[in-house]
Amino acid sequence: MTFFDTVAAETRKTATLPATAVALAVTVLGPVAITLINAVGVRAALRSGRPELAYTSPVEAVFSAVPIGTVGAVVLGVVAVGGEYTANSARIGGGRQITTTLTATPSRLGVLAAKAVTVVLLVAVAALVVIPASLALAGGIVGTEAPPAPEGVLSRSVGAGIYWMLTALIALAITVFTRNGIVPIIVLVVNSTLVSVSVLLSHLTPLARFLPDLAGTSMFAGDLLAFDDALAPVTGGLVMATWTAGLLALASAVFLRRDA
Amino acid sequence: MVLMLSVERLVKRRGSREILTDVTFRATPGRVTGLLGPNGAGKSSTLRILLGLDRADAGTALVDGQPYRRLRQPLRTVGSMLDGSGAHRSRTARNHLTWMARSNGIPVRRVAEVLDQVGLGAAGGTRVGRFSLGMCQRLGLAAALLGEPRALVLDEPVNGLDPEGIRWIRVLLRGHADAGGTVLLSSHLMTEVDEIADDLVVIAHGRVVAAGPIREVTAGYPTLEDAFFALTGATAGGR
Amino acid sequence: MIRSCARATAAELAKLFGLPAVLAAVFGTIGAAVAITWALAASPVGPNEPVAVVLRAVPYLQAGTISLGVLAVGTEYADGQIHTTLLCVPDRLAVPAAKALAYLAWAAGTAVAALTVGLLTARIALATRDVPVVTDGFPWRIVGAAAYLTLIGLLGLALAVLLRAVVSALVVTLSLVLVVSPVLDAVTPHSRYLPDRAGGLLYLPDPAGVLTPAAGLLVLLGWVVVLGSGAVAAFRRRDA
């Protein structure tokens, strides 16, 4: 069996979970819906001549909607692993799919790598759909009254997509440690919102900007950043990628050593 | 005291498919009634309606003349077991039985008693997620016995039990019926039903194809197995 | 009727106690209260008054009571436990009522403990920074915050009844309260009628002064009643 077969199996397994459909819907429809709300707000603010009341441009309306997409990415990463450890009904002996998975593909690293590839693919597809769609939607709603678009929309869009992918991978790695989706969902969803613990820490120590989420945020946030002295976008992306790689390596080590 | 389980002209639909059609039978005190049928015949659906979990589209299923949902302390009247343990995997067996006892005003000392009775006395503090299939089944039986009920309704009770467990449950159910209790159990295992049941209800494709004392149902066939295939096969062919 | 409801509630209380995830949520919330109030009090940009510090921590802590509400119901749908519950208590109104009461007891205890511990932490942290601590009377806003934390989790409980799964109910409730509500707040003033915004008036005054704390409480209770009745209606209609 080749690695490609394993990826194909994982893609099919993950993509057909109902929870994955919900997560993809959140990743795609969430940002579109929030962009819509934001863009209507921007248009109203521009028409009333008080642009300070809302985000200043259609582009910011899109990028301020990234957190809801992050929620979807977190769920995708969590269910890819968490679904394996959910028990069947007790009638079938409370069996868990992980047993089947590991008897079908005994290579632990192969399974984990295939899961990672699957999650990245799903998030990439979602990002490719949702970011252009949101930009077009916001542009369409705000229309000709929009101020000229700021620089770097393309790189920020790519940055947002990468941020989602890395977040999903971090969620996946943490779920390998916990073997249960509840803790990573609470921690990562809460931390990707306005009540972020990372932002709180950034008031205490400048080192907080090296935390994975704050470092990664600089890839797309532009002026929306909730804290000072952020890293440059590329540096931030590299820092977040390093965190992700480290957590995945640790997750692989745990997954290799543990009995299924 | 008489406790009769009676199912009258039960109909249940899932979407456009009728999974139970005019199912009628009784389980009477002092006797073990076996509900026999192949997988997917409608045994579990019938028991779920009798126990008030699912609603019937037509017909009635009554415990002593009342629907199960009307019972105030149901565990003291009907002990039941569906789907193995029915406990969240992260609880201990003792916690599971304790909350069940609280919900029906059953003295908490019964928890230790039933755990001993089903042979889980040493496993009371173990999380249900660590139980084997057979232990889950024993925990489900402990839950059924908790309220010292007059009637027992058990869905596939011997699933996952070892030979010793199967003999134990046979003796338990026989004793319960001989003491005047009512026992209704479902199974797709003919040898089991043959050895335990006094009365038989054979169900196939959501219809009762035969019912009565086991000798009457199997009359004219060399074994219960022959009777079973003749009765259920005829319905399958006649569809 | 009252006795059977009391028995059902006693069972639900024992049920919550037997779940390691519930104990983890309780102690996690209290631990988070310590960590967050300490961070807020130690931060140079944070408020300099213990009560104000604790109130700033409330938006973080609501994740704890929301998790409690979701766990109280969502775990029923794992491993078929809902069948056992309905076999023990066949009354389809008594089950959600008992669950809500048991949740309220656990959540109120958790909220009071977390806020008290947070208040102590804030005092100690501010004292180590040599900030003079001013106390003027009983901190009623802390009581309001405890009420808010307890009530907001009922939304999680109601959504868990509707969605019948822990993870989806958590995702939906947390996203609505922590993501959608702030976005709507930036766009329209009508967002003050959202459950978390209106309930927030129990511990923070409305800068626009449109709603009083009592009105905010009523709006939040209105949301709870609407979602709760929807959940109960679905629970009664469905096959288990």
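The values are calculated or read from the model by the stated rules, or taken from the named source; none is laboratory data. Computed from a predicted model, the values in this text were never measured in an experiment. Cβ: placed from backbone, ideal geometry, glycine included. Neighbour counts: every protein chain shown.
Among the conditions (1) among the aliphatic types (A, V, I, L, M); (2) in a strand (DSSP E or B); (3) in contact with a helix residue (DSSP H, G or I) (Cβ under 9 Å, 6 or more places away or on another chain), the only one that B:VAL11 does not satisfy is (3). Inspect segment B:202-219 for any residue being crowded, with 19+ Cβ neighbours inside 10 Å and among the hydroxyl-bearing types (Ser, Thr, Tyr) and give the result as yes or no. Yes: segment B:202-219 contains one or more residues that are crowded, with 19+ Cβ neighbours inside 10 Å and among the hydroxyl-bearing types (Ser, Thr, Tyr). The number of residues in segment A:148-185 being more than 14 Å from every other protein chain (Cβ to nearest Cβ), touching a residue at least 24 places away in the same chain (Cβ under 8 Å), out of contact with any Pro (no Cβ under 8 Å at 6 or more places or on another chain) and not in a helix (DSSP H, G or I) comes to 2. In the set (1) touching a residue at least 60 places away in the same chain (Cβ under 8 Å); (2) more than 14 Å from chain B (Cβ to nearest Cβ); (3) touching a helix residue (DSSP H, G or I) at 6+ places or on another chain (Cβ under 7 Å), C:ALA107 fails one condition alone, (1). From the list B:ARG94, B:ARG89, B:ARG55, the one residue that fits, being farther than 15 Å from C:CYS88 by Cα, modelled with pLDDT of 95 or more and at the interface with chain C (Cβ under 9 Å from one of its Cβ atoms), is B:ARG94.
For segment B:20-54, the tally of residues that are without any contact (Cβ under 8 Å) to a residue 40 or more places away in the chain and within 11 Å of the chain's Cα centre (by Cα) stands at 1. Taking the criterion of being more than 15 Å from the chain's Cα centre (by Cα) and modelled with pLDDT of 90 or more, the residues of segment B:1-13 that qualify are B:GLU8, B:ARG9, B:LEU10, B:VAL11, B:LYS12, B:ARG13.
Scanning segment B:80-137 for residues that are within 22 Å of the chain's Cα centre (by Cα), of a type in the set (A, V, I, L, M, F, W, C) and over 26 Å from B:TYR68 (Cα atoms) gives B:LEU120, B:VAL128, B:PHE131, B:LEU133, B:MET135.
For the residues C:VAL73, C:VAL45, C:VAL53, the requirement of being under 28 Å from C:ARG141 (Cβ atoms) and under 20 Å from the mean Cα position of the chain (by Cα) singles out C:VAL53. One residue alone among C:LEU61, C:LEU68 is touching a residue at least 12 places away in the same chain (Cβ under 8 Å), within 25 Å of C:PRO205 (Cβ to Cβ) and surrounded by 24 or more Cβ atoms within 10 Å (Cβ to Cβ), and that residue is C:LEU61. Please go through segment A:186-212 and give me each residue that is away from chain C (no Cβ under 14 Å) and within 13 Å of the chain's Cα centre (by Cα), ordered by number. Residue satisfying the conditions is A:PRO212 alone.
Being part of a helix (DSSP H, G or I), under 17 Å from C:VAL73 (Cβ atoms) and either at the interface with chain B (Cβ under 7 Å from one of its Cβ atoms) or touching a His at 6+ places or on another chain (Cβ under 6 Å) (or both) is the filter here, so list the residues in segment C:3-19 that pass it. Scanning segment C:3-19 gives C:ALA8, C:ALA11, C:ALA14, C:LYS15. Please go through segment C:139-182 and pick out each residue that is under 19 Å from C:GLY200 (Cα atoms), more than 12 Å from chain A (Cβ to nearest Cβ) and touching a Pro at 6+ places or on another chain (Cβ under 8 Å). Passing the criteria: C:GLY144, C:ILE152, C:LEU155. Looking across segment A:45-61, the residues that are within 12 Å of chain C (Cβ to nearest Cβ), assigned to a helix (DSSP H, G or I) and either at pLDDT 70 or above or under 25 Å from A:LEU154 (Cβ atoms) (or both) come down to A:ALA45, A:GLU60, A:ALA61.
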